[in-house]
Amino acid sequence: MQKRNKKFLKEGELFPFLLASIKGISQILLIENAITGIIILLAITLASPFLGSITFISVMIGTLIAKIGGADKQAVNAGLFGYNSALTGLALSLFLDGPYNWIIALIGAAIVSILTAALMHFIKGIDIPILTFPFVIITWFMLLISYKLETFQLNPILAPEILSNVTVDFSGEINWLGGFVLGIAQIFFLDNIYSGILLFIALFWAGWRFGVYAIIASAIALLTAFLFGGEQSLISLGLYGYNAILTIIAVSIVFKESDNRFALYSGMIGASLTILITASLSVWLLPFGLPALTMAFVLGTWIFLGARKVMPMF
Amino acid sequence: MQKRNKKFLKEGELFPFLLASIKGISQILLIENAITGIIILLAITLASPFLGSITFISVMIGTLIAKIGGADKQAVNAGLFGYNSALTGLALSLFLDGPYNWIIALIGAAIVSILTAALMHFIKGIDIPILTFPFVIITWFMLLISYKLETFQLNPILAPEILSNVTVDFSGEINWLGGFVLGIAQIFFLDNIYSGILLFIALFWAGWRFGVYAIIASAIALLTAFLFGGEQSLISLGLYGYNAILTIIAVSIVFKESDNRFALYSGMIGASLTILITASLSVWLLPFGLPALTMAFVLGTWIFLGARKVMPMF
Amino acid sequence: MQKRNKKFLKEGELFPFLLASIKGISQILLIENAITGIIILLAITLASPFLGSITFISVMIGTLIAKIGGADKQAVNAGLFGYNSALTGLALSLFLDGPYNWIIALIGAAIVSILTAALMHFIKGIDIPILTFPFVIITWFMLLISYKLETFQLNPILAPEILSNVTVDFSGEINWLGGFVLGIAQIFFLDNIYSGILLFIALFWAGWRFGVYAIIASAIALLTAFLFGGEQSLISLGLYGYNAILTIIAVSIVFKESDNRFALYSGMIGASLTILITASLSVWLLPFGLPALTMAFVLGTWIFLGARKVMPMF
């Protein structure tokens, strides 16, 4: 390993590694584009320089482990081993407290890279991407450890509840513009309007379709959550929107094939479906006090991508 | 889509579509037989005309989505995309309250059709049928949404409980005849004796073996639940019986192959195993207040069908 | 079946059957070695003759069902259908009370054999061993039944808790030597030092590497649990150690292939990962009052074995 490290630091290896890492950040939005990655990193750093740094170190850890482990070079260079690590480092440093939270965040970023590889192998046969599933699973697992190991300190905003005691406050006014712009920011756990605007720019840079579809998904999400009677506080914070945006990008752009004539409609239905999945998931997680993260996007997208193999029109 | 719809309404397409739908209802009992489907629909309508209508509309929605999506025609015509939709529509309109419960039931019937396609693809490699798994998952997910979205109103019979507070009342007399006849009716959430008798007729119409095996399974279920000490109220209502009936039909008749010399015994053991699975599942679900539905049938049957690939005698 | 039983009792069949059963016991430690199996059985019997008997009868039930079912002879003779049954019989007779607990334990041992076959088939495509997954699942399921069926009586040490009420006592001194020796014993639910020593002998008999790696894993487990701030009572009882030992044996010895240059390091990282998985799992299970069993070993090993297919160096 000593030898490998030496070689790794040569100039000829450093730039491709940084490029793979920055692309790993853009892959959070299912995009392989270095400039998009840089704009995203800016958006996070704008909201919090600490979070920006953790995100960048995390994505490098994930990419480095894949390189050392001998993973497929093309996949590593496309950033496919980095995005789950980036999100995990980001989420754990936010939802954990205490002096060691950043160490635990980076350990989580490393573990998620191993799990990513394992899951890639496990679902290879069904020809479906792993999306952000490893990030969600590892983050949930790591957060719950706080009830058992002293060094893990949970942020008190994550409080478990008993289902029979739950009361929901449906009153209040929805902040439509806030909900609209913050949807994209919540993918990165941000509630900063300027970060939201930067993230839309990152999408448009990668292609107009990414930006326009994200706008459509955000609108659909707001409308669906409103019609079904979601809490105004969650809608206004964009918490019903971020899964919808990721889902329409995955279903209608990135994993669309020429057979899928109704791909735009599928993505739109998938986007509204994520509202229902988010609502249900958050109830399943109530007894554990865990956040729903991007699981609604993962499940919603898997359902549509899987269904396509049997119903090719969608 | 406009064109497709026009064509769909032609006389030559309408009858096959209705036939596929009615066969979808018979597929709830793992049977492809239009007359059996009609008798089942009668049995449901006899207990409640509202539930009968919801069931029929739901099965048509599921079948229609599969047709539009371009699914395999033979599978669509056999009703394989309808039965999960029928059950989901039925269950959601029963377990949800409020003025919009029927709309949500039909939305659920549509979603389950997409999930059915996805799951068919996901488990294709292991050569196992999906059974009623999509129905159970979607119904559980949709019911829990009621804690988060205002339009979803849960029927108050579904109340979550904390495990440490649970007390079970084992006293009372078992109504053996009731438990025996209602087992088959509970597949459709009915506790009407006449519906139960009609459903036995629907089974015998499809073949004497279906009827006789269902009677065997009902008897085994009653006996097993009694020996292990189940609650008399649940046994008397047939709630320990319906999974046993479905399991013996799947294991000993429908998915039996010539190698499986002990298939009848496997089905009988599978039927008694569903008592244990039902009991355990209902405890797992207590904190969420959810009904066990037909998950015991799905798990019990999957275990035996999977085991057969490794232990071909069973 | 009558004929088969007759033939089974012939002298020529009895010895191979007993050999397969005793090897089934050694397979709990991922070893196929009859002497190792006998030493393990001694170690259990030393702590409790009742548990020793249950273990032996359970492993025979599992092996017998595989034989009757017509499973692959080589796998049966290697003990691969026995070890999950042995552990299930052991666990259920410990965690259930009442006069019928041993009958339920043996029923569990039989069911787990069927599930083992099913799972072997289900995961065949991804080329990963089932490990002790069937044992964990069936034990969890059987234990929860005690809230629903009268004949199942739960041992009062298994009490469900509400997450918001949980308090953990981190005070006290760690018994380092106890934790070190009991780690191996806890694989078999024992907290007897002499049994622990016998089990180390069983490992060394199978090969020095098994013994030495187990010592390394035990040390890593103690250190990791201490550094992350685990409860001294759990560490001192070896409850953070047993999954680490199994994981290093699986990752660094049994399932290592020639490509895996860093296999020893992978096993060591896997061993320390089981501490985190154990801690998290025990929180997930708190509302149900269930023990974590060897699930951390199963998950930790699956992650590394799966990751290897994509990152062959590990």
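The values are calculated or read from the model by the stated rules, or taken from the named source; none is laboratory data. As the structure is a computational prediction, the values presented were derived from the model and not from experiment. Every residue, glycine among them, receives a Cβ derived from its backbone with ideal geometry; neighbour counts consider all protein chains shown.
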* Asked: Does residue A:281 fit the bill of being modelled with pLDDT of 95 or more and surrounded by fewer than 19 Cβ atoms within 10 Å (Cβ to Cβ)?
  -> no
* Among the residues of segment A:185-192, is any outside the structural domain of residue A:286 (by TED's automatic domain parsing) and of a type in the set (S, T, N, Q)? -> no
* Only one of these is within 14 Å of another protein chain (Cβ to nearest Cβ) and at pLDDT 95 or above: B:167, B:116, B:132. Name it. => B:116
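Would you kindly identify the helices (runs of 4 or more DSSP H) lying entirely within segment C:232-314 that contain at least 3 residues that are more than 17 Å from the chain's Cα centre (by Cα)?
Result: C:232-236, C:263-285, C:295-308.
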* Structure fact -> Of the residues in segment B:170-185 that are aliphatic (A, V, I, L, M) and in a helix (DSSP H, G or I), the one that is nearest to the other protein chains (Cβ to nearest Cβ) is B:182
* Asked: What are the pairs, 6+ residues apart or on separate chains, where a residue within segment B:208-232 that is under 15 Å from residue B:179 (Cα atoms) and without any contact (Cβ under 8 Å) to a residue 24 or more places away in the chain has its Cβ under 8 Å from a residue that is surrounded by fewer than 18 Cβ atoms within 10 Å (Cβ to Cβ) and polar (S, T, N, Q)?
  -> B:227/C:151
* Asked: When you go through (1) at the interface with chain A (Cβ under 10 Å from one of its Cβ atoms); (2) part of a helix (DSSP H, G or I); (3) crowded, with 24+ Cβ neighbours inside 10 Å one by one for residue B:121, which number turns out not to apply?
  -> (3)
* Out of C:53, C:93, which single residue is without any contact (Cβ under 8 Å) to a residue 24 or more places away in the chain, farther than 23 Å from residue C:129 by Cβ and part of a helix (DSSP H, G or I)? -> C:53
* For residue B:106, indicate whether it is assigned to a helix (DSSP H, G or I) and either within 30 Å of residue B:148 (Cα to Cα) or modelled with pLDDT under 95 (or both). => yes
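Residue-wise test of (1) of a type in the set (Ser, Thr, Tyr); (2) more than 28 Å from residue B:97 (Cα to Cα); (3) in contact with a Lys or Arg (Cβ under 9 Å, 6 or more places away or on another chain).
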{"residue": "B:143", "(1), (2), (3)": "no, no, no"}
{"residue": "B:146", "(1), (2), (3)": "yes, no, no"}
{"residue": "B:163", "(1), (2), (3)": "no, no, no"}
{"residue": "B:195", "(1), (2), (3)": "yes, no, no"}
{"residue": "B:208", "(1), (2), (3)": "no, yes, no"}
{"residue": "B:239", "(1), (2), (3)": "no, no, no"}
* Say whether the condition of being hydrophobic (A, V, I, L, M, F, W, C), crowded, with 24+ Cβ neighbours inside 10 Å, under 17 Å from the mean Cα position of the chain (by Cα) and in a helix (DSSP H, G or I) is met by at least one residue in segment B:64-87. => yes
* Could you say whether any residue in segment C:132-149 is part of a loop (DSSP other than H, G, I, E, B) and basic (Lys, Arg)? -> yes
* Can you tell me which residue among B:188, B:210 is away from chain A (no Cβ under 14 Å), assigned to a helix (DSSP H, G or I) and under 20 Å from the mean Cα position of the chain (by Cα)? => B:210
* Asked: Hey, does segment C:106-113 have a residue that's more than 13 Å from chain B (Cβ to nearest Cβ) and touching a helix residue (DSSP H, G or I) at 6+ places or on another chain (Cβ under 8 Å)?
  -> yes
* Exclusive hit being touching a Leu at 6+ places or on another chain (Cβ under 6 Å) and among the small types (Gly, Ala, Ser), set A:270, A:300 -> A:300
* Would it be correct to say that residue A:14 is modelled with pLDDT under 95, under 17 Å from residue A:82 (Cα atoms) and either of a type in the set (A, V, I, L, M) or assigned to a helix (DSSP H, G or I) (or both)? -> yes
* Structure fact -> Only one of (1) farther than 21 Å from residue B:93 by Cβ; (2) at pLDDT below 95 does not apply to residue B:184, and that is (1)
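Out of B:306, B:270, which single residue is in contact with a Gly (Cβ under 9 Å, 6 or more places away or on another chain), facing another protein chain (nearest Cβ under 10 Å) and at pLDDT 95 or above?
Working: B:306 fails: in contact with a Gly (Cβ under 9 Å, 6 or more places away or on another chain).
Selected residue: B:270, the only one of B:306, B:270 that is in contact with a Gly (Cβ under 9 Å, 6 or more places away or on another chain), facing another protein chain (nearest Cβ under 10 Å) and at pLDDT 95 or above.
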* Any idea which residue in segment B:26-36 is nearest to the chain's Cα centre (by Cα), counting only those that are assigned to a helix (DSSP H, G or I) and closer than 16 Å to residue B:249 by Cα? -> B:28
* Is segment B:217-232 home to any residue that is of a type in the set (D, E, K, R) and either crowded, with 19+ Cβ neighbours inside 10 Å or farther than 27 Å from residue B:47 by Cβ (or both)? -> yes
* To do: Please find, among C:220, C:216, C:277, C:235, the residue that is within 25 Å of residue C:123 (Cβ to Cβ), outside the structural domain of residue C:45 (by TED's automatic domain parsing) and not acidic (Asp, Glu).
  => C:277
* Asked: Any residue at all in segment C:139-155 that is surrounded by fewer than 17 Cβ atoms within 10 Å (Cβ to Cβ), farther than 30 Å from residue B:312 by Cβ and away from every other protein chain (no Cβ under 14 Å)?
  -> yes
* **Subset of segment C:258-278 [closer than 25 Å to residue C:141 by Cα and buried (at least 24 other Cβ atoms within 10 Å of the Cβ)]** => C:274, C:275, C:276, C:278
* **Residues (at the interface with chain B (Cβ under 7 Å from one of its Cβ atoms) and without any contact (Cβ under 8 Å) to a residue 60 or more places away in the chain) located in segment A:278-303** => A:279, A:280, A:282, A:284, A:303
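To keep it simple, each residue is scored yes or no on (1) of a type in the set (A, V, I, L, M, F, W, C); (2) at negative phi.
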{"position": "B:128", "(1), (2)": "yes, yes"}
{"position": "B:131", "(1), (2)": "yes, no"}
{"position": "B:134", "(1), (2)": "no, yes"}
{"position": "B:156", "(1), (2)": "no, yes"}
{"position": "B:159", "(1), (2)": "yes, yes"}
{"position": "B:168", "(1), (2)": "yes, yes"}
{"position": "B:175", "(1), (2)": "no, yes"}
{"position": "B:178", "(1), (2)": "no, yes"}
{"position": "B:183", "(1), (2)": "no, yes"}
